[in-house]
Amino acid sequence: MCCHPSHVRRAPAHRGRGPAATRSRRWAHTLLLCALLVLGLSSSGAWAARSLLSSGPQQLQQPLQAVDASSSSAAPSSGPAVPTYGGVLGDINDVLVDLTAAGKGRPPLQPPSPRSPAPPTPPSPPSPPSPSPPSPAFVDSLACLKNARDIVSAIPNPPVVGTFMSTLQKLPALGAAGPAGNLFDNLRLGALAGYAMAQNARLPVFTGAAIGAYKSGVAGLDTACANIASNVQPGSQYVLGVATTELIGNLLAIAQGSGSSGAPGAGLFDDGEAAKEQAWLALTKLSVCAAINPCENTYILGLNGFSTPPMDTEVGQFTFSLLRAGFSYGAGFNSSLMTLPVHNSWSFDWARRHQPGTLTDVVRPVNVLVGGRVTWGLDVSAQKGGPTLASIALDANADVGVSTNADGTGVKEVVLATNARGPVLTIAKLLTIDLRGLTDLGQNVLWRFRSASDFLFQYVMYASGTNDISSVLQAAPGLGSLLSPIISFKGTGSLAVQVDAVGAALRIEIDGSFTIAGDITKQFGLPALGARGAVLLTKKHTEPDFRVTLVINGQSYCVGVTGRGVGTPVNTCPPGTVRDPTGALCYPACRPGFTMVGPVCWQTSCPANFRSTAVDCQKPAAYGRGAGFAWQFGDRLDLSGALARCRAANPGVDCEQDGALMYPKCKSGFVPFGCCTCTPACPSGMRDTGATCLKQNYGNGAGFPLGCGPGLQLSGGLCYPACKPGFVGVGPVCWQFTCQA
């Protein structure tokens with residue numbers, strides 16, 4: 001592999017600067033990296049890493065030990081043996097001046113004359129970053145690089161494959177002041193491989209396990225490498241690429257300070273490109289660790305300090321704070337070396353509508369894999385501008401996989417796996433489930449799309465021992481009203497939702513205790529205790545309501561369901577009766593002049609000046625008629641004398657005897673009460689108690705309970721419209737206990 005500009009192979013078109021970069025600028029990149037490699041080869045990889053992070057332009061102006069093109073190995077070094085990169089390099093200033101001339105279209109300088117022997121080699125420094133990588137070799141999956149004269153230029157940036165999720169494929173970055181451009185427009189993976197080569201003083205070929213455990217001494221870079229430890233294949237070989245603000249910032253400082261004119265930006269890069277890259281790195285504060293296999297179009301990036309602005313995509317809006325990003329398309333752009341495990345994926349078949357399906361672990365091939373903090377909002381519809389069939393709003397730490405053509409069928413797919421706070425789900429505009437109050441949920445989201453007649457949205461939340469989902473599901477708008485007439489349950493469980501071109505389905509598997517409505521247990525003879533239960537709700541897009549299937553001990557019981565509105569209170573009496581105004585029973589109507597009070601009809605009105613109560617009429621004031629006139633000495637042996645004296649004392653009023661005394665008779669409308677009082681008279685039929693007149697009354701039977709009016713049915717204490725023939729009403733829904741297609 002030779003680093004002379006005449007041996008640089010033009011890389012295929014790729015994202016970033018690819019086709020737009022001039023050949024001289026490629027030479028500048030390549031020669032600088034080769035110079036850095038030689039600098040690293042003068043000692044061990046660990047020394048080289050410290051040099052790049054600590055050296056300034058003044059330090060690098062010392063002569064370098066020459067590398068003989070005819071030699072089979074580099075100059076003596078305590079590090080591992082590495083291939084020779086041909087040509088003789090003199091002072092680094094000569095190299096940079098030569099690069100400057102090439103970059104400005106001037107002929108490059110001639111090779112410098114031989115120099116005096118280099119000073120003695122310093123004491124052996126520490127070993128390269130651990131763990132020690134295997135012997136570098138471009139074999140097996142990296143065989144396409146075997147004959148490349150310049151691997152730096154042979155490594156492209158990941159391509160944008162198709163238009164699906166193209167915004168995400170470009171990895172837009174967010175800086176302190178807002179959007180900061182795309183990562184692949186500002187960094188080149190070939191250059192990252194060169195930085196790794198300089199840091200390790202060897203070809204940057206590492207196994208996936210070594211990359212995941214990479215230790216450079218730079219915290220941000222080590223974190224970035226650790227973030228992809230579970231995404232790379234441990235035994236597979238990759239080209240390592242690294243970039244940190246410290247590492248690349250020093251390289252840019254070297255480039256800016258080595259130009260012939262000494263002006264800012266002169267030297268390695270012209271046209272302000274160095275200033276642009278330096279500003280972008282300072283803006284994003286990003287560390288990158290890349291595992292690269294250009295032969296299989298696989299690029300896996302560990303990131304530290306990377307966030308995106310909101311991205312509008314074909315599957316809703318995303319915002320990421322990324323820890324990792326991978327791209328794998330296979331040699332023919334129809335496969336992938338990356339997978340995303342999906343725990344408890346739901347397998348549901350509309351051809352077996354009343355079977356709950358199974359939850360099984362699967363592995364999905366993905367072309368793009370990103371992981372970190374994810375905010376996602378998605379409205380599911382069969383076509384652009386069509387009705388919303390389902391929606392999800394999620395904010396959680398998650399892994400998101402995107403398949404552009406991973407299985408070679410052209411299916412577009414997005415898979416999200418997370419153990420975090422739940423989302424808000426809306427299904428068919430009828431059910432809303434808010435799971436944001438539950439945390440540490442194991443959950444998956446799948447969105448697959450081929451056409452308006454071939455798509456799939458699926459959400460699965462598998463059972464958690466720490467969260468009681470029963471109260472959330474039974475209180476969810478729409479869902480709670482469907483479940484409450486059928487079943488109540490407590491404890492944990494799993495939830496699966498699927499929306500596709502056929503319809504919407506929802507599966508609840510109950511891990512705790514449950515109770516089934518008595519009407520349903522009688523219908524099917526279901527066991528009261530010791531059962532395992534699940535509820536399956538399905539609704540085709542052409543149907544108005546969900547149908548319910550109970551799965552008890554593995555057996556499905558179909559319960560067709562239609563809504564029949566909100567119930568009304570029971571307030572109708574049987575024919576020929578009226579409701580008791582003071583109670584909840586019905587009785588025959590009372591005769592005229594009588595009022596119903598429970599099972600008794602009481603006289604309604606009282607005479608004038610009487611005060612009415614529930615059972616009597618209180619009389620007006622009574623009056624006394626004196627002490628009476630008694631027999632006196634000298635009277636005949638009868639009361640005639642007393643009568644005469646009474647009449648004389650009360651002219652115009654006759655008198656009457658009461659006991660041994662004579663009293664004036666009571667005025668009209670009054671009657672005697674005792675000897676000496678006149679009290680108002682009670683009307684005919686009323687019993688006189690002295691102070692009151694008891695109202696007339698009679699019994700009206702035992703009464704009848706209230707019922708529902710014509711066309712209504714009683715259920716759960718409320719009245720509902722009658723169900724259609726073949727359906728049985730339970731609360732606000734009508735059930736059909738037969739399976740329907």
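The values are calculated or read from the model by the stated rules, or taken from the named source; none is laboratory data. What you see is a predicted model; the values in this text were computed from it and never measured. Glycine gets a Cβ as well: all are built from the backbone with ideal geometry, and neighbour counts include every protein chain shown. We work out accessible area using only protein heavy atoms, side chains counted, and drop any ligands, DNA or RNA first. Shrake-Rupley method; radii C 1.70, N 1.55, O 1.52, S 1.80 Å.
Mind telling me which of the residues Pro477, Pro485 ends up being touching a residue at least 12 places away in the same chain (Cβ under 8 Å), surrounded by 20 or more Cβ atoms within 10 Å (Cβ to Cβ), part of a loop (DSSP other than H, G, I, E, B) and not aromatic (Phe, Trp, Tyr)? I'd like the intermediate steps shown before the answer.
Details: Pro477 fails: surrounded by 20 or more Cβ atoms within 10 Å (Cβ to Cβ).
Result of the check over Pro477, Pro485: Pro485.
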Q: Would you check if Thr167 is without any contact (Cβ under 8 Å) to a residue 24 or more places away in the chain and of a type outside the set (A, V, I, L, M, F, W, C)?
A: no
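Rundown of residues vs (1) surrounded by fewer than 21 Cβ atoms within 10 Å (Cβ to Cβ); (2) of a type in the set (Asp, Glu); (3) farther than 30 Å from Cys225 by Cα, yes/no style:
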{"position": "Tyr329", "(1), (2), (3)": "no, no, no"}
{"position": "Leu359", "(1), (2), (3)": "yes, no, yes"}
{"position": "Gly372", "(1), (2), (3)": "yes, no, no"}
{"position": "Ala382", "(1), (2), (3)": "yes, no, yes"}
{"position": "Pro387", "(1), (2), (3)": "yes, no, yes"}
{"position": "Val400", "(1), (2), (3)": "no, no, no"}
Q. Looking at (1) more than 18 Å from Leu435 (Cα to Cα); (2) in contact with a helix residue (DSSP H, G or I) (Cβ under 9 Å, 6 or more places away or on another chain); (3) of a type outside the set (A, V, I, L, M), which is the only condition Arg532 fails?
A. (2)
Q | Neighbours by Cβ (under 8 Å, 6+ apart or cross-chain): first from the range 507-522, over 10 Å from Ser470 (Cα atoms) and of a type in the set (Ser, Thr, Tyr); second open to solvent by 30 Å² or more (accessible area, probe 1.4 Å) and part of a strand (DSSP E or B) | A | Thr515/Ser488
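Per-residue answers, yes or no, for (1) part of a strand (DSSP E or B); (2) surrounded by 17 or more Cβ atoms within 10 Å (Cβ to Cβ):
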{"site": "Ile508", "(1), (2)": "yes, yes"}
{"site": "Gly512", "(1), (2)": "no, no"}
{"site": "Thr515", "(1), (2)": "yes, no"}
{"site": "Lys539", "(1), (2)": "yes, yes"}
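Residue-by-condition table, conditions (1) more than 60 Å from the chain's Cα centre (by Cα); (2) surrounded by 12 or more Cβ atoms within 10 Å (Cβ to Cβ):
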residue: Ala681; (1), (2): yes, yes
residue: Ser684; (1), (2): yes, no
residue: Gln696; (1), (2): yes, yes
residue: Asn700; (1), (2): yes, yes
residue: Gly709; (1), (2): no, no
residue: Leu712; (1), (2): no, yes
residue: Val730; (1), (2): no, yes
residue: Cys734; (1), (2): no, yes
residue: Thr738; (1), (2): no, no
Q. Given the conditions (1) of a type in the set (S, T, N, Q); (2) over 14 Å from Asn553 (Cα atoms); (3) assigned to a helix (DSSP H, G or I), which single one is not true for Thr521?
A. (2)
Q: With respect to Tyr663, determine if the residue is in contact with a Lys or Arg (Cβ under 9 Å, 6 or more places away or on another chain) and loosely packed, with under 14 Cβ neighbours inside 10 Å.
A: no
Q.
Just to be sure before I move on: is Ala266 at pLDDT below 80, over 20 Å from Phe138 (Cα atoms), part of a loop (DSSP other than H, G, I, E, B) and aliphatic (A, V, I, L, M) in the structure I sent?
A. yes
Q: Go through (1) under 22 Å from Gly478 (Cα atoms); (2) crowded, with 18+ Cβ neighbours inside 10 Å one by one and return the number of the condition Val424 breaks.
A: (2)
Q: May I ask you to list pairs of residues, at least six apart or on different chains, whose Cβ atoms are under 8 Å apart, with the first in the range 575-588 being among the β-branched types (Val, Ile, Thr) and the second being in a loop (DSSP other than H, G, I, E, B) and open to solvent by 60 Å² or more (accessible area, probe 1.4 Å)?
A: Thr577/Ala589; Val578/Ala589
Q. Does Thr245 satisfy the criteria of being modelled with pLDDT of 90 or more and farther than 20 Å from Leu337 by Cα?
A. no
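Scan the range 630-668 residue by residue and report those that are in a loop (DSSP other than H, G, I, E, B), polar (S, T, N, Q) and within 25 Å of Pro680 (Cβ to Cβ). Walk me through how you get there before you give the answer.
Filtering the range 630-668 down to residues in a loop (DSSP other than H, G, I, E, B) leaves 630-639, 650-654, 659-660, 665-668.
Those still in the list that are polar (S, T, N, Q) too: 632, 650, 668.
Listed by number, the residues that qualify are Asn650, Ser668.
So, in the range 451-474, exactly how many residues are of a type in the set (Val, Ile, Thr) and part of a strand (DSSP E or B)? I'd like the intermediate steps shown before the answer.
Just the residues of the range 451-474 that are of a type in the set (Val, Ile, Thr), to begin with: 460, 466, 469, 472.
Now drop any that are not part of a strand (DSSP E or B), which leaves 460.
Going through the range 451-474 one residue at a time, the tally reaches 1.
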(Q) For Ala702, only one of the following conditions fails: (1) assigned to a loop (DSSP other than H, G, I, E, B); (2) among the aliphatic types (A, V, I, L, M); (3) over 30 Å from Pro574 (Cβ atoms). What is its number? (A) (3)
Q | Of residues in the range 575-629 being outside any loop (DSSP other than H, G, I, E, B) and under 30 Å from Cys646 (Cα atoms), the one nearest to the chain's Cα centre (by Cα) | A | Tyr623
Q) Of all residues in the range 535-567, how many are more than 26 Å from the chain's Cα centre (by Cα) and among the aliphatic types (A, V, I, L, M)? A) 6
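Under the condition of being β-branched (Val, Ile, Thr), under 27 Å from Pro365 (Cα atoms) and in a loop (DSSP other than H, G, I, E, B), which residue from the range 213-233 is modelled with the lowest pLDDT? Talk me through it step by step, then tell me what you get.
Within the range 213-233, the subset β-branched (Val, Ile, Thr) is 218, 223, 228, 232.
Now restrict to residues that are under 27 Å from Pro365 (Cα atoms): 223, 228, 232.
After this cut, where a residue has to be in a loop (DSSP other than H, G, I, E, B) as well, the list is 228, 232.
Working: Ile228: 92, Val232: 89.
Step by step, filter the range 213-233, then rank; the result is Val232.
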Q.
I'd like the residue in the range 427-455 that is within 22 Å of Phe318 (Cβ to Cβ) and over 17 Å from the mean Cα position of the chain (by Cα) and, out of all such residues, is most open to solvent (accessible area, probe 1.4 Å).
A. Arg450
